[in-house]
Structures are given as structure tokens and as C-alpha cells.
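Chemist: Quick one: the structure is below, questions incoming.
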Amino acid sequence: MNQAIQSFKIDELQVYVYGSRAGMGLAAYHCYKSHVQRMLEKQAFIRSVFAAARSQNDFLEILSQDNDIDFDRIEAFHMDEYMSLGKDAPQNFGNFLRKAIFSKRPFRKVNYVQSDADDISAECARYEALLKEASLDIVSLGIGENGHIAFNDPHEASFTDPRWVRETTLDDICRQQQVNDGEFSGINEVPRQALTLTIPALMSCRYIVGIVPTERKAKAVYDMIYGPVSETCPASILRRHPNVTLFLDIDAAKLLKL
């Protein structure tokens with residue numbers, strides 16, 4: 001049985017800590033599946049937002065093999081995308097998710113961010129309109145080394161942003177994280193500009209499943225849980241969401257007061 005080695009609640013945030021990444025990913029999958037199947041009992045289809053990062057690999061690998069969920073009743077979105085890499089770059093988040101999950105399950109529809117659009121403002125408006133066509137039901141996300149969610153880095157994050165999609169500038173901690181993840185060989189290869197769902201867009205989702213492994217995230221997890229709810233650690237806003245569950249491996253939880 002995949003038991004958490006520790007669990008606790010801080011404000012609205014339910015936290016589970018697992019002794020391994022694999023255990024964390026499996027637990028997150030079961031949580032996500034439970035939410036999805038319960039919603040599909042009551043509604044014709046659901047709308048799901050996915051994060052694209054190596055931190056999500058354990059969760060996505062198991063989800064991509066699931067044969068019980070009616071994926072043909074799920075409309076999918078991704079939460080951010082680099083600009084300037086070109087549409088075929090393997091680091092592009094749309095391509096990452098296509099390989100990891102979107103091409104493996106028969107989704108009702110997959111909505112991709114077009115970061116190479118000639119008019120970026122128009123592309124932000126187009127994707128925002130798609131997001132707002134109906135309620136967003138569930139999001140699976142990670143937390144950055146700087147505490148970001150999606151590409152809402154501390155220097156530009158806003159809990160009250162009126163937009164749902166915006167162009168943003170990545171800070172150097174965020175860009176170095178992409179190198180640490182093995183996506184790029186050096187920081188100079190990492191784009192400075194990206195498109196992202198804003199924090200209000202993410203917080204509009206009915207359910208949030210957070211998946212955060214590795215020691216590199218330990219400081220951000222500590223700040224998220226014990227620090228103020230503030231844009232200085234954008235992930236701290238998750239403590240205000242009524243239906244959020246955070247899954248950590250033991251390395252990401254190493255600084256917590258367990």
C-alpha cells in the first residue's frame with residue numbers, strides 16, 4: 001500500500017509526504033483520477049490544465065497508462081510555453097505534453113499555446129477566450145525553485161491579475177532551473193520570454209493537484225508553507241484554495257518541521 005509517511009494541513013492546503021518520488025507520483029495520480037471520475041459522474045466532460053516539467057514525469061507516466069478514465073470526455077490545456085524556440089523544439093511545453101500524455105490518450109480536445117504567433121497579444125486573447133468558454137475543473141502543477149506556479153515568477157506574479165494569459169519575463173532562477181532539469185545545456189540557451197496562465201486563471205480551477213519532488217524544491221516548499229501568502233513566493237497562494245492537495249517526496253520536504 002502506498003502510504004504517506006507524513007500528512008498535515010496548513011490553512012486550506014492538504015500536504016502529503018512520501019518516501020520516494022515513485023510513491024509521490026502514484027499518490028498524485030490516484031488523487032487526480034478520483035477527482036476526474038467523480039466529476040464525470042455528474043457532467044458530460046471536464047476541462048483539465050497540465051503542467052509540463054520533469055517534476056511531473058512520475059505522475060504523467062502513470063496517467064498515460066490509465067485505461068479507466070474517459071479521456072475522450074476531457075478537454076486539455078497546458079499552462080505555459082516558451083517563446084522564440086520554434087514550434088518543433090523538444091523543450092516546448094506543448095511538445096513535452098504531446099509526447100508524455102496527449103498523444104497517448106484519446107482526449108476530447110487538446111488546446112495548444114501558439115508561442116510563435118505573429119501577434120502575441122492576440123494569441124494571449126485567443127487562449128484566454130478558450131479557457132473561459134467554460135469552468136476549468138482541475139489542474140496538475142508543480143512549484144518552481146523560486147516558488148513560481150506556471151511561469152509566474154516572483155518579480156511579475158500577481159494574485160489579482162485581470163488577465164488569464166500574459167507574456168512574461170523569466171528570472172534567472174527560473175531559467176537556471178530549466179538547465180538543472182536537463183532541458184538546456186546552459187542558461188544562455190533558455191528563452192527569457194514566455195506565455196503563461198496567470199495565478200487567477202490557475203486559482204479558478206475547482207481542484208488543484210500539486211506534485212513537487214527533489215531537494216532543489218525544498219526551500220520553495222518551506223517558503224510556501226511557513227512564509228506569508230505573498231507574491232514573493234507565488235505558490236503560497238495555494239494555501240487559499242478550497243480544494244488543493246500537495247504531494248511531496250521526502251527530498252522536497254526535507255526542510256519542513258515534520
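Any read-out appearing in this document is the output of simple, stated calculations on the displayed coordinates, not a laboratory observation. Note that the structure is a prediction, hence the values are computed from the model and not measured. Ideal geometry is used to build each Cβ from the backbone, glycine not excepted, and the neighbour counts take in all protein chains shown.
Chemist: Among all residue pairs at least 6 apart or on different chains, which show Cβ distances below 7 Å where the first residue, located in the stretch 118-136, is within 14 Å of Phe77 (Cα to Cα) and the second is loosely packed, with under 12 Cβ neighbours inside 10 Å?
Modeler: Nothing qualifies.
Chemist: Also: Sort through Asn152, Asn111 and tell me the only one that's among the polar types (S, T, N, Q) and either free of Cβ contacts under 8 Å to residues at least 24 places away in the same chain or in contact with a Ser or Thr (Cβ under 9 Å, 6 or more places away or on another chain) (or both).
Modeler: Asn152
Chemist: Which of the residues that make up the stretch 114-136 are over 15 Å from the mean Cα position of the chain (by Cα), surrounded by 18 or more Cβ atoms within 10 Å (Cβ to Cβ) and closer than 27 Å to Asp58 by Cα?
Modeler: Ser115, Leu131
Chemist: Continuing with the same structure: Taking the stated definitions as given, is Ile74 crowded, with 20+ Cβ neighbours inside 10 Å and β-branched (Val, Ile, Thr)?
Modeler: The answer is yes for Ile74.
Chemist: So, of the residues in the stretch 77-88 that are closer than 19 Å to Ala150 by Cβ and either out of contact with any strand residue (DSSP E or B) (no Cβ under 7 Å at 6 or more places or on another chain) or of a type in the set (S, T, N, Q) (or both), which turns out to be surrounded by the fewest Cβ atoms within 10 Å (Cβ to Cβ)? Can you show your working first?
Modeler: Taking the stretch 77-88 first, the residues closer than 19 Å to Ala150 by Cβ are 77-85.
The next check asks that each one be either out of contact with any strand residue (DSSP E or B) (no Cβ under 7 Å at 6 or more places or on another chain) or of a type in the set (S, T, N, Q) (or both); those that pass are 84-85.
Working: Ser84: 11, Leu85: 20.
So the residue we want is Ser84.
Chemist: Could you please find all residues in the stretch 128-182 being in a strand (DSSP E or B) and either of a type in the set (D, E, K, R) or closer than 26 Å to Ser34 by Cβ (or both)?
Modeler: Of everything in the stretch 128-182, those that are in a strand (DSSP E or B) and either of a type in the set (D, E, K, R) or closer than 26 Å to Ser34 by Cβ (or both) turn out to be Ile138, Val139, Ser140, Leu141, Ile149, Arg166, Glu167.
Chemist: Here's something else I'd like to know. What pairs come up if the first residue lies in the stretch 5-21 and is in contact (Cβ under 8 Å) with a residue 40 or more places away in the chain, the second is in a loop (DSSP other than H, G, I, E, B) and hydroxyl-bearing (Ser, Thr, Tyr), and their beta carbons are under 9 Å apart, counting only those six or more places apart or on different chains?
Modeler: Taking only residues 6 or more apart or on different chains, the pairs are Arg21/Thr214.
Chemist: Looking only at the stretch 231-253, decide whether some residue is among the acidic types (Asp, Glu) and assigned to a strand (DSSP E or B). Break it down stepwise before answering.
Modeler: To start, the set of residues in the stretch 231-253 that are among the acidic types (Asp, Glu) comprises 231, 249, 251.
Then drop every residue that is not assigned to a strand (DSSP E or B), which leaves 249.
So far as the stretch 231-253 goes, yes, one or more of its residues are among the acidic types (Asp, Glu) and assigned to a strand (DSSP E or B).
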